[in-house]
1. Long-range amide H contacts for Q26: which residues qualify at under 5 Å (H placed 1.01 Å from N, peptide plane, sequence gap of 5 or more or a different chain)?
2. Report the equivalent ellipsoid semi-axes for the chain in whole Å, largest first, defined as the square roots of five times the eigenvalues of the gyration tensor built from alpha carbon atoms.
3. Taking only C-alpha pairs under 8 Å that are 6+ residues apart, what is the relative contact order of the chain in percent?
4. Quick one: which residues, 5+ away or cross-chain, put their amide H under 5 Å from the amide H of V11? H built at 1.01 Å from N.
5. With a 10 Å radius around each residue's Cβ, average the other Cβ atoms per peptide and rank 27-39, 11-23, highest first.
6. Distance between the C-alpha centers of the stretch 40-67 and the stretch 1-23? Whole Å please.
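All of the numbers you see were taken from the coordinates with simple rules; none came from a lab. None of the values given here were measured: they were computed from a predicted structure. Glycine also receives a Cβ, built like all others from the backbone with ideal geometry; neighbour counts cover every protein chain displayed.
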Amino acid sequence: MRITVDEDRCVAAGHCVVSAPEIFDQREEDGVVVLLEPRPSAAVHDTVRQAALLCPAAVIRVVRASP
């Protein structure tokens, strides 16, 4: 799995951070998403997918990583 985020469209809702704090954080100054781990372990794939679904601005993109 590979994750990308569109910081320009982020509305700083924070749902991703609540759902997957080991993968996402927010900038102090404006709350915009910060991607901590673009290639997370398989153990958190379901959590990351849930975070992407919860994002009100749909700025989290999850793609299957090629081997």
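1. Here V34 satisfy the definition.
2. Values: eigenvalues 71, 26, 23 Å².
Each semi-axis is √(5λ); the values are 19, 11, 11 Å.
3. 45 percent
4. It is A57, by chain and number.
5. Numbers: 27-39: 13.1, 11-23: 17.1.
My ranking of the peptides, most packed first, is 11-23, 27-39.
6. If you average the Cα positions of each part, the centres end up 9 Å apart.
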